[in-house]
Amino acid sequence: MSASRGWQRIIGRIAAVAKWLAVKLRLWHAGEPISAMIGTPPSARFPAIPADPAEHAVRSAHEWADVAETYVQKQMRQLGIPERQIGVRRRERNYRRVAFIPSEGDGGGITPDGINVDSGVLNPKLNEEEIGPRASAIWERARLRDRIDAVIAHEYEESLAGTHEGAEMRAADTALPISDKARRILRAIADRENQGGRR
């Protein structure tokens, strides 16, 4: 590269910086705010965390669906759920069996096809009014593993009892090797049911 071309590039860069400074000074004199950022600010790039815990749970569940699917399947196997009951067939997944459904928010479900867990396990306020303050407080402080265990045990016992209410009564005493904290959640739900049900 010749010396004259090198100087031309340097002078071109100086001219570009001078032009940029002139624009910024004009904006400053006009009283308009001068942004130090180029492009979209981070606060506008990502949507804010929703205030509603159920909505936040669904969003998080979609982001981590593959991880949750693997974990829930593994946990069901470790707890001794029969293979034929692990997961349900979903049309939106080409009728493949899935153990975790991010778009639903009940905690879990049961069909004649099998058992599933859903985004409700990520919701610290899940069924707060239905299960009562004691069970809700235990649920809110529980680890995700304990919540998943509680849902799996409830759905498994529902498959045996045939009703949701029957599952509430017997899930805490399940033969499945669930965690102690999961049993505490299920026991608090059963105690509320024994005291006259939902209020």
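The values are calculated or read from the model by the stated rules, or taken from the named source; none is laboratory data. Remember, predicted model here, so these are calculated numbers, not experimental data. Don't worry about glycine lacking a Cβ; one is built from the backbone with ideal geometry, like all the others, and counts go over all protein chains shown.
Scanning segment 157-179 for residues that are of a type outside the set (Gly, Ala, Ser) and in a helix (DSSP H, G or I) gives GLU157, GLU158, LEU160, HIS164, GLU165, GLU168, MET169, ARG170, ASP173. Within segment 93-129, the residues that satisfy the criterion of being buried (at least 20 other Cβ atoms within 10 Å of the Cβ), among the β-branched types (Val, Ile, Thr) and farther than 15 Å from PRO53 by Cβ are VAL98, ILE101, ILE115, VAL117. Remark: ALA99 falls outside the filter, which requires a residue to be among the small types (Gly, Ala, Ser), more than 20 Å from the chain's Cα centre (by Cα) and assigned by TED's automatic domain parsing to the domain that holds GLU69.
Residue by residue, here is whether (1) part of a loop (DSSP other than H, G, I, E, B); (2) at pLDDT below 95 holds:
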{"position": "ILE81", "(1), (2)": "yes, no"}
{"position": "ARG89", "(1), (2)": "no, yes"}
{"position": "SER103", "(1), (2)": "yes, yes"}
{"position": "ILE115", "(1), (2)": "no, no"}
{"position": "VAL121", "(1), (2)": "no, no"}
{"position": "GLU129", "(1), (2)": "no, yes"}
{"position": "ALA135", "(1), (2)": "no, yes"}
{"position": "ILE138", "(1), (2)": "no, no"}
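Close Cβ contacts (under 8 Å, 6 or more residues apart or on different chains) running from residues in segment 124-140 that are over 17 Å from HIS164 (Cβ atoms) to residues that are assigned to a loop (DSSP other than H, G, I, E, B) and of a type in the set (D, E, K, R) comprise SER136/LYS125; GLU140/LYS125.
Pairing each residue of segment 79-96 that is more than 19 Å from ALA182 (Cβ to Cβ) with any residue that is in a loop (DSSP other than H, G, I, E, B), provided the two are 6+ apart or on different chains, yields C-beta distances under 6 Å for GLY87/ALA99; VAL88/ASP113; ARG89/TYR95; ARG89/ASP113.
A search for C-beta distances below 9 Å between a residue of segment 174-186 that is assigned by TED's automatic domain parsing to the domain that holds LEU126 and any residue that is among the charged types (D, E, K, R) and assigned to a loop (DSSP other than H, G, I, E, B), counting only pairs 6+ apart in sequence or on different chains, returns SER179/ARG143; LYS181/ARG143.
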